[in-house]
Amino acid sequence: MCKLSDLANVRIGSPFRERIIHEPDGTYRVVQGKDISSDGTVLLDGMVRIAAVPGKGAPDILATDELVLQTRGLSYRAAIIPKDVPPMVAAGSLYILHADPARVSAEYLVFFLNLPATQMALRQLATGSPIPNLRRSAIEQLQVALPSLSDQHQLVELSRLVRRQADIERRLNILRLQE
């Protein structure tokens, strides 16, 4: 077991003081909680675009293989930033995790954070009401099970195969109902 802060740098997304208004020709896509799927991917379709990121200095552009983690609500899903996407920034309601690739695979970290047991632990760490919120210090202290890098890759692949099997079974059931 290892503290998350020993495996990844945690930072906060860009603060938007007002409602984010979609600009169809905007340069930047804004990742929000609603854009994080339960399977650890970022949903690009329907993502809000903006022309400029508020704040001083250069925008905090998300890099490939960085993670975004929801900080508010009843689920704290994590997703990995895919390769070859337009410039993206995270909303302030997300944490951005930059994993140390020498110690942990970003895909494994997403897998671990989305496990039901980890989600339960995160719900217990959340504070506040009516909308529970995860503090950065709580995330950084989260204990992460850390197998070898090769075992991490095998666990991620196994998870991918299980999701694929579930999807095939779902589609078969739909076909059976149609038949």
ask   = Just one of the numbered conditions (1) surrounded by fewer than 22 Cβ atoms within 10 Å (Cβ to Cβ); (2) aliphatic (A, V, I, L, M); (3) at pLDDT 90 or above is not true of LEU67; which one?
value = (1)
task = For residues that are of a type in the set (S, T, N, Q) and in contact (Cβ under 8 Å) with a residue 40 or more places away in the chain, scanning just region 117-136, find the one that is surrounded by the most Cβ atoms within 10 Å (Cβ to Cβ).
result = GLN119
task = Could you tell me whether region 23-30 includes any residue that is among the hydroxyl-bearing types (Ser, Thr, Tyr) and surrounded by 18 or more Cβ atoms within 10 Å (Cβ to Cβ)?
result = yes
request  = Test each condition in (1) open to solvent by 30 Å² or more (accessible area, probe 1.4 Å); (2) within 16 Å of the chain's Cα centre (by Cα); (3) closer than 19 Å to GLY13 by Cα; (4) of a type outside the set (D, E, K, R) for ASN114 and report the one that comes out false.
outcome  = (3)
Residue satisfying condition, being part of a strand (DSSP E or B) and touching a residue at least 12 places away in the same chain (Cβ under 8 Å), within set ARG29, ARG17 = ARG29
Matching residues in region 36-51 - criterion: being in a loop (DSSP other than H, G, I, E, B), more than 30 Å from LEU158 (Cβ to Cβ) and touching a residue at least 24 places away in the same chain (Cβ under 8 Å) = ALA51
ask   = Has region 72-86 got any residue that is closer than 16 Å to SER5 by Cα, at pLDDT 90 or above and open to solvent by 60 Å² or more (accessible area, probe 1.4 Å)?
value = no
note = Among helices (runs of 4 or more DSSP H) entirely inside region 85-179, those with 1 or more residues being more than 22 Å from THR41 (Cβ to Cβ) and polar (S, T, N, Q) are 116-125, 136-141, 149-178
request  = Show the residue pairs that are 6+ apart or on different chains and have beta-carbon atoms under 6 Å apart, the first residue being within region 154-179 and aliphatic (A, V, I, L, M), the second being modelled with pLDDT of 90 or more.
outcome  = VAL156/GLU107; VAL156/TYR108; VAL156/PHE111
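The values are calculated or read from the model by the stated rules, or taken from the named source; none is laboratory data. Note that the structure is a prediction, hence the values are computed from the model and not measured. Note: ideal-geometry Cβ built from the backbone for every residue, glycine included; neighbour counts use all protein chains shown. For the accessible areas, the whole protein counts, side chains as well, though only heavy atoms, and no ligand, DNA or RNA atoms are used. Shrake-Rupley method; radii C 1.70, N 1.55, O 1.52, S 1.80 Å.
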